[in-house]
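The values are calculated or read from the model by the stated rules, or taken from the named source; none is laboratory data. Note that the structure is a prediction, hence the values are computed from the model and not measured. Glycine gets a Cβ as well: all are built from the backbone with ideal geometry, and neighbour counts include every protein chain shown. Side chains included, ligands, DNA and RNA excluded: accessible areas come from the protein's heavy atoms. Shrake-Rupley method; radii C 1.70, N 1.55, O 1.52, S 1.80 Å.
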Amino acid sequence: MAEIFVIGLSHRSSPVELREKLAVPNGELPKHVKELAERAHLAEAVMISTCNRVEVYGVAADSTGVRRAREVLAARMPDGALDPHLYERSGAEAVRHAFRVASSLDSMVVGEPQILGQFKEAYAAATEAGVIGGLLDRCFAKAFAVAKRVRTETGIASGSVSVSSIATDLAKKIFGDLNGKRVLLIGAGKMGESAAKHLRKQGAKLFVLNRSRERALELAKACDGEPRSLSELPGELALADVAIASTSSDRFVVTTDLMKEVVRARKYRPLFLIDIAVPRNVDPRVGDMENVFVYDVDDLQKVAQENLTARKREAEAAERIVDVEARTFEEWRKQLDLKPIIVGLRRHVREVLAAELERTMPRLSGDAARDRAALEKMLDAATNKLLHQPLTELKKAGEAGDGQVLAVVRRLFPVEEAAAEGASVSRIAPAMPSEPPPPAAAAKKSAT
């Protein structure tokens, strides 16, 4: 029986320094998820990589597929360092987890909207890689719908609901008022764009630095800021009050060597660096310098917890929606397992009856009495063949005192109702050919 599973780590199970080593740039997701699916021998797989989590969703017929996927993921870190931080869920729990993640109930900032877009990007990457199938396709489509329902029917998104908005709140706590403050935005990706919009609303003077000057100009224009080249970073850091780093670089953009020059140029005036990138853009050792204060995504979690308290009631309502939708999905999945059994059972019965009919047709003569006897004989033969294996197993269950099997039979077949109506025992549970006919059947034959 194929089941959905998820293996991963998040801000709840691991620190940022571990998560950043596993992070996969969006452009590389198709390559990574295809490689993982091939190495773990999975027909279906989706990989999600964000600043707060790296997860692999897959479909496996048994625990072997799950184990292989875990080994492939764990192998990305040497000496088994990753394994203690990995969580694993299967079946209904994996589906419920997917719905919670897509609905931002498992996010560092509960209610943040970015995760749904990241879920859709992961789905698109798996589709591009050719590793999406019926189960995960249905699961992710449902996750998108559940997330939309949660945002529509609850107030979970009220207040500050994204990492970038939390970063803005932190900057406000530092200065009290951002009006007129010089804020440097390093990076012009989606997270940076979101941060820029929040900062501009607070009256900050915004300066956008990016490796691509065209992209910096585009974002600066949209947020009423000023574009700068990344090569101007030292000079801009010397002038800034707050810098928010959010580039896709896999190396430190703000290094200790760079900051030694910046600190001297600032004459040790305080500088606040908020690093919302994973992998991190700011070398954490920079925070050891005099009057330089560094915050990363894990530090923002403390602010997020304050907002979570205010939205706890809405989160509870969202959890109820997720639970209902997860149960509905599991009922649908079970029907997939039942369908081939029903089709096979119908085919088996049809084949047995058709074979008996073929043997009986040549014996029909047109004489009503003789034809009726031949047809009854055909029915008895078909009944015996159809019930031979079930009755053999039923006898074994009776001898072993297995009441569960007997109860299932009573639910599946109206045997007690038929007996109460005086039906022939031979019509309900005919004896095997090797056994003598039961009394009721013998009486009937003597009567005829």
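So here's what we get for this one:
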read-out	value
Lone qualifier among ALA238, ALA277, ALA243 - being part of a helix (DSSP H, G or I) and either within 18 Å of SER164 (Cα to Cα) or of a type in the set (Gly, Ala, Ser) (or both)	ALA238
Failed condition for MET108, given (1) surrounded by fewer than 18 Cβ atoms within 10 Å (Cβ to Cβ); (2) outside any helix (DSSP H, G or I); (3) of a type in the set (A, V, I, L, M)	(1)
Test: residue in segment 434-448 that is open to solvent by 60 Å² or more (accessible area, probe 1.4 Å), part of a helix (DSSP H, G or I) and at pLDDT 50 or above	no
Criterion: touching an Asp or Glu at 6+ places or on another chain (Cβ under 8 Å), free of Cβ contacts under 8 Å to residues at least 40 places away in the same chain and part of a helix (DSSP H, G or I) - qualifying residue of VAL324, VAL294, VAL263, VAL286	VAL263
The one condition in (1) open to solvent by 20 Å² or more (accessible area, probe 1.4 Å); (2) in a helix (DSSP H, G or I); (3) out of contact with any strand residue (DSSP E or B) (no Cβ under 6 Å at 6 or more places or on another chain) that ARG76 fails to fulfil	(2)
Residue list for segment 377-390, filter: at pLDDT 80 or above and either loosely packed, with under 12 Cβ neighbours inside 10 Å or of a type in the set (A, V, I, L, M, F, W, C) (or both)	MET378, LEU379, ALA381, ALA382, LEU386, GLN389
Residue selected from segment 247-306 under the condition more than 33 Å from the chain's Cα centre (by Cα) and among the aromatic types (Phe, Trp, Tyr), by the criterion farthest from VAL16 (Cα to Cα)	TYR268
Number of the condition not met by ILE174 [criteria: (1) surrounded by fewer than 18 Cβ atoms within 10 Å (Cβ to Cβ); (2) assigned to a loop (DSSP other than H, G, I, E, B)]	(2)
Residue tally, condition open to solvent by less than 30 Å² (accessible area, probe 1.4 Å) and closer than 18 Å to ASP106 by Cβ, over segment 131-154	7
Condition met for ARG12 (of a type outside the set (Ser, Thr, Tyr), closer than 28 Å to GLU112 by Cα and either assigned to a loop (DSSP other than H, G, I, E, B) or open to solvent by 20 Å² or more (accessible area, probe 1.4 Å) (or both))	yes
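Each row is one residue, and each column tells you yes or no for (1) surrounded by 20 or more Cβ atoms within 10 Å (Cβ to Cβ); (2) touching a Leu at 6+ places or on another chain (Cβ under 7 Å); (3) not charged (D, E, K, R).
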| residue | (1), (2), (3) |
| --- | --- |
| PRO270 | no, no, yes |
| ARG285 | no, no, no |
| VAL294 | yes, yes, yes |
| LYS312 | no, no, no |
| GLU316 | no, no, no |
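Condition check ((1) open to solvent by less than 60 Å² (accessible area, probe 1.4 Å); (2) under 30 Å from ASP257 (Cα atoms); (3) touching a residue at least 40 places away in the same chain (Cβ under 8 Å)) across all residues:
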| site | (1), (2), (3) |
| --- | --- |
| ASN179 | no, no, no |
| VAL183 | yes, yes, yes |
| GLY187 | yes, yes, yes |
| ALA195 | yes, yes, yes |
| LYS205 | no, yes, no |
| LEU217 | no, yes, no |
| LEU230 | yes, yes, yes |
| PRO234 | yes, yes, no |
| ALA245 | yes, yes, yes |
